[in-house]
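Values in this text are rule-based calculations from the coordinates and carry no lab data. Model, not experiment: these values are computed from the prediction. Quick reminder, even Gly has a Cβ in these numbers, built from the backbone with ideal geometry, and neighbours come from all protein chains shown.
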Amino acid sequence: HNCLYTVNLLEREFLCFGGDQEWLQGLKKAPKKLQNLAAVNNILCHKPWSLTSQHMQDLLTGPDSWSRPELMQALTIVCHIHALTTFVLGCGLTHEIDSIAGHNYGSSGYCTPIHSYPNSPQVDSGEDDLLSGQENNGNPIMFDDIYTRLLQENGSSSLIQDVNHQIFTDLIEQEATSSGRRKTSALSHYMFQPEVEYEKYASRIFGEELDWEDMGYPTCRNWDETLADILNRKFLNIQELTYNTMGGKENIDTSKLRSSVWYYVHRLWGIYYYNVDYSMIQELLPPGFRNYIFCTTCMPEQLKEDIFNNWESKRGFTHSEKVHFCLIIMEARFQAEYCFMLKALNSY
């Protein structure tokens, strides 16, 4: 996702632990075993639903191959970094470390700061025509609208009825589908060519095939019980995390709002659940809010400042609540991407 902030931090840590600086000159300088991960890394990042058992076979057989436990651990790290990038950019860290007045992770650590590398191309500083943070009618996200809808949903005692499949389809059709003109990236020397970009899935995938509890957790546990338990606790913690507040209002049950964000992220990856009321998601997440989630989940490198500022504190949400939503988006994306990976790995 062209997140210089995260990559520079990882480069610094890599050198801290004695990594070979030559590797940082580009993908071609890394060992062949790591180079072999590039294509799968690209697919997982942008369209994980297209990952197949053949991709896994290519990594698990032949020269410079991976063992299955090695590969699962490596791809766990890959999925985590993708999700972390979503969080970093979703929180508004769009002015990167090498920019004037850009965000910085500080220089108080024990490592020597990284200098630029000779093979890194310059970043195009021109502005792109990217996604807008405004709703279709030009009005920004309204906190009171979400709050009112949430109270209405929490006050309803009716059972979830059969899901309207058209609503599921319409939710994505209302979002932007064009990624716009790309910048020349300072990270192109790390990128697999040709680079894959986000594109809408061809057909929906039923959640039962990718459910964490039924498929993901047991599959992961077969190879690494400790890792499976850590991830399971992580998912439970983020799904249950709440202060029962919304803006300055207290004692608010936000569970439906939080789950709407979670399942909308999965919906963006094409995952459909029979027991999810997608009309509730449509009600609780206004178009501007969904546009923010869409950009953060699928193409965070294209988040513009107005998309983030459109969701400002004076609208009702506090800064910590925005970070909370980013955490939900990050973990929901991680779980979806990770389950696609486990399904492909398990099918080989």
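Please say if the stretch 229-283 is rounded, prolate or oblate, where rounded means a/c under 1.5 for a ≥ b ≥ c the square roots of the C-alpha gyration tensor eigenvalues, and otherwise the choice is prolate for a/b larger than b/c and oblate otherwise?
oblate
For the stretch 185-308, state what percent of all Cα-Cα pairs lands in each successive 10 Å bin, counting from 0 Å until the bin that includes the largest distance.
Spelled out bin by bin, the stretch 185-308 gives 10, 29, 37, 21, 3, 0 percent.
Can you list the residues, at least 5 places off or on another chain, whose amide H is less than 5 Å from the amide H of residue 272, using H built in the peptide plane?
Close amide H contacts, sequence-distant or interchain: 205, 206, 207.
Dipole of the stretch 270-348, Cα-centred, from +1 at each Lys and Arg C-beta and -1 at each Asp and Glu C-beta, to the nearest 20 debye?
40
Using modelled backbone amide H atoms (1.01 Å from N, in-plane), which distant-in-sequence or interchain residues come within less than 5 Å of residue 245's amide H?
The list, which skips near neighbours in sequence, is 252.
Taking 32 Å as the cut-off for C-alpha to C-alpha distance, list the pairs among 28/343; 47/304; 234/304; 32/322; 249/304 that go past it.
Violating the 32 Å Cα-Cα cut-off are 32/322.
Based on the mean of other beta carbon atoms within 10 Å per residue, what is the order of 288-301, 54-67, most packed first?
288-301, 54-67
Considering only the other residues whose Cβ falls under 13 Å of the Cβ of residue 35, what net charge follows from Lys and Arg at +1 and Asp and Glu at -1?
Summing Lys and Arg as +1 and Asp and Glu as -1 gives +2.
Through the Karplus equation 6.51 cos²θ - 1.76 cosθ + 1.60, θ set to phi - 60°, convert the phi angles of the stretch 260-272 into ³J(HN,Hα) values in whole Hz; use x for Gly and Pro.
Each residue of the stretch 260-272 in turn: 5, 4, 4, 6, 5, 4, 4, 4, 5, 8, x, 8, 10 Hz.
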